[in-house]
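Note sheet for the following structure.
The values are calculated or read from the model by the stated rules, or taken from the named source; none is laboratory data. Bear in mind that the values here come from a model prediction, so they are computed numbers and not experimental data. As a convention, Cβ positions derive from the backbone with ideal geometry for all residues, glycine included, and neighbour counts pool all protein chains shown. Keep in mind that these areas ignore ligands, DNA and RNA; they rest on the heavy atoms of the full protein, side chains included. Shrake-Rupley method; radii C 1.70, N 1.55, O 1.52, S 1.80 Å.
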Amino acid sequence: MIVGRIADQLGNQMFTYASLKTIATDRGEDFYFIREHNDRINDSDQRYGNEIHTMFPRIQGEFLPKLPEEVTHTYEEPPLPRRTTNYQKEALQVPKDTLMLGHYISCRYFSHRLKEVQSWFAFPKEVEAEALEELEQLQQTYAGRPLVAVHFRVGEDYVRQGFRLKDSYWFKAAEYVIQQTLEKPVFLVFYDRKKKIVERFTNRYNCVLCRGSLLHDLCMMSKCEKQIISNSSFSIMSAVLNQREDAEIIRPSVYPVGQYFQPQDCFADHWTVVEARQSMVSRGNYWWMRCKGEIRKRLKGGK
């Protein structure tokens, strides 16, 4: 038995589940998961919440309220500063009955079982029906023009933690799409927060704001002919779930994480790369947050 500890927001939960269930499946072992309690949730679906076992019907039976007693081993993926890759071969060789900690954000873990991953995360029927109906209406309105999903991950948490990309990435990606298409594309815009970059983008290009519930956005993005994704596990998983044979995924060249960068294998190897850089404002915010934390520690220690 392999048990994964699911943590943080939806995209991270999905990566952990997909990677670890693939490892268990390859080994012919059972897979279950427990949920780590934390407050790192910034969005929730009104109907389905923010947990993978409340969102995706096919995996509900694998959720455990507590760790089974027979699980006596623990494996934790190395911290980011020590990694040259997110894909850890030793994670495939853990003993039986192991609790596995971490996010495992690498498409390499499950690229050979992609169809199965897509089936594990099958959307509730009403969510899929609503997304397909909305896309059909858009296709009728913009007949003959490609519909391109664009995801912006630009909220304050991303700025504060040093994850934020420079705005130029989304414009370069849009220009790439325009150059590659015969008809003018229509950009379907999804975002976590409606920042100035979203307004600037929508003012420059032919756009439709499509932001809805958490599960709606994930589903609708995954149905588009082309996707411009961001450095976000949620964004990446929407592309992983895209089952269109003609789909093209455009992704940033970097995935900043504070002062570090996620290794490139967090993305699929065959996706189109567009040059991107870390926002200096975001990097500055990250360092200021670190400095304030260190000051507080020293002040507490001096009392």
Single unsatisfied condition, Q179 versus (1) under 28 Å from Y205 (Cβ atoms); (2) in contact (Cβ under 8 Å) with a residue 60 or more places away in the chain:
(2)
Could you please tell me which pairs satisfy a Cβ distance under 6 Å, a separation of 6+ or placement on different chains, a first residue in the stretch 58-70 that is within 16 Å of Y48 (Cα to Cα), and a second residue that is open to solvent by less than 100 Å² (accessible area, probe 1.4 Å) and not in a helix (DSSP H, G or I)?
R58/A122
In this structure, does F152 turn out to be under 19 Å from N242 (Cα atoms), under 23 Å from the mean Cα position of the chain (by Cα) and of a type in the set (F, W, Y)?
yes
Which is within 20 Å of Q9 (Cα to Cα) and not hydrophobic (A, V, I, L, M, F, W, C), of Q93, Q118, Q137?
Q118
Members of the stretch 210-222 found to be in contact with a helix residue (DSSP H, G or I) (Cβ under 7 Å, 6 or more places away or on another chain), surrounded by fewer than 23 Cβ atoms within 10 Å (Cβ to Cβ) and more than 22 Å from C266 (Cβ to Cβ), listed by number:
C210, R211, H216
Starting from residues that are buried (at least 16 other Cβ atoms within 10 Å of the Cβ) and not acidic (D, E), keep the ones in the stretch 128-147 and report whichever is farthest from Q243 (Cα to Cα).
Y142
Restricting to the stretch 249-270, name every residue that is buried (at least 18 other Cβ atoms within 10 Å of the Cβ) and either free of Cβ contacts under 8 Å to residues at least 40 places away in the same chain or of a type in the set (S, T, Y) (or both).
I249, R251, Y255
Flagged in the stretch 141-180 as under 26 Å from Y255 (Cβ atoms) and of a type in the set (S, T, N, Q), in numbering order, are Q161, S168, Q179, Q180
For the list (1) crowded, with 17+ Cβ neighbours inside 10 Å; (2) of a type in the set (F, W, Y); (3) out of contact with any Asp or Glu (no Cβ under 9 Å at 6 or more places or on another chain), I need the number of the one condition that F234 fails.
(3)
